[in-house]
Each structure stands twice: as C-alpha cells, then as structure tokens.
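Everything below concerns the one structure shown next.
Just so it is clear, none of the values below were taken in a lab; they were calculated from the coordinates. Remember, predicted model here, so these are calculated numbers, not experimental data.
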Amino acid sequence: PGDPTAAALALARELRAEIARRRPAVVAVELQFVGFHRAAQERKGVAEGALKLAALRGALSLAAAEAGARVVGVQPQAAKSALAFGGADKPAMVAHANARFRLDLTEAQADVADALGVALAATRLLAPETQTAMSW
C-alpha cells in the first residue's frame, strides 16, 4: 500500500516541477467527497483512503500556492453540473466531454472528463473580471 506521507512528498516534487514549467495562474482542485454507502462500509480502508486523498490534495494545493497560483476548490456536484448540466455518472460525464470538446474519450478515461468538469466549475467560481469568454 505505501506510506501516504512519502507519496505526498513525491507528488509535491513532481507538481512543483510541472507548475514551474507551466506557470498556471489558477489551479482547480476537486474537494473531497466520501460516500458511505453499504458497499463502501463493507470494505476496509474507506477512511484510510480518504486520508491519503486529502494528503495528496494538500500537496497539490501547497505546490500551487507556493508558486503563486490561486487554488480554487470545486465540489464534485459543481463539476458534474458544469460539464453535464446536472448530476451525471461517469459514462454521462465522458459523453458530455466528448460532445462539448470534440474528444474521443473512453469510459476508462472518465477521470479526464471529471477534470474538465472541475476546470469548468472553477471558472464559474472565479471573479467575473478574471473569467475568459466561454460558451457554456
């Protein structure tokens, strides 16, 4: 499984290098959602997984802030609404990303669709004067 602190440090190093190379003004981060439904309760490690995710998200936020980028937190539902105009499962997010951005994502690339939703939602959260013109 690995040490979450070591994973966060390794990720932070990689992120610092990538952020220095790309120099973003804004970094959007999806805020954590931990759903405790019956199947999740039956699995061990739900809380441990949430803690690891929080550590990695913290590494990203710290690396971005150190570089002077604005960090924008986005709720998962806001990301879904921004891309799919409402609640959507992974296949629907992929379908909307493909249609809106003329992509050819597969369901195996659902994280890409989710990231697009996070980016779109972040632009909505920014002050109107910093938003770029976009067709929603």
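Stretch residue 29-residue 109 to full length: gain in nm at 0.36 nm per residue minus the Cα-Cα span? Write out the running numbers ahead of the final one.
Details: separation 80, 0.36 × 80 = 28.80 nm, distance 1.81 nm.
Full extension from residue 29 to residue 109 adds 27.0 nm.
Please list, ordered by chain and number, the residues whose modelled amide H lies under 5 Å from the amide H of residue 27; skip anything fewer than 5 residues away on the same chain.
Hits under the 5 Å cutoff: 70, 71, 72.
Note the full-extension length gain between residue 3 and residue 102 as 0.36 nm times their separation in residues minus their Cα-Cα distance, in nm to one decimal. Write down the numbers at each step before the final one.
Numbers: separation 99, 0.36 × 99 = 35.64 nm, distance 3.93 nm.
Residue separation times 0.36 nm, minus the Cα-Cα distance, leaves 31.7 nm.
Work out from phi, with θ = phi - 60° and the Karplus expression 6.51 cos²θ - 1.76 cosθ + 1.60, the ³J(HN,Hα) of each residue of region 104-111, listed in order in whole Hz, and give x for Gly and Pro.
Per-residue couplings from phi come out as 9, 6, 9, 4, 5, 9, 4, 5 Hz.
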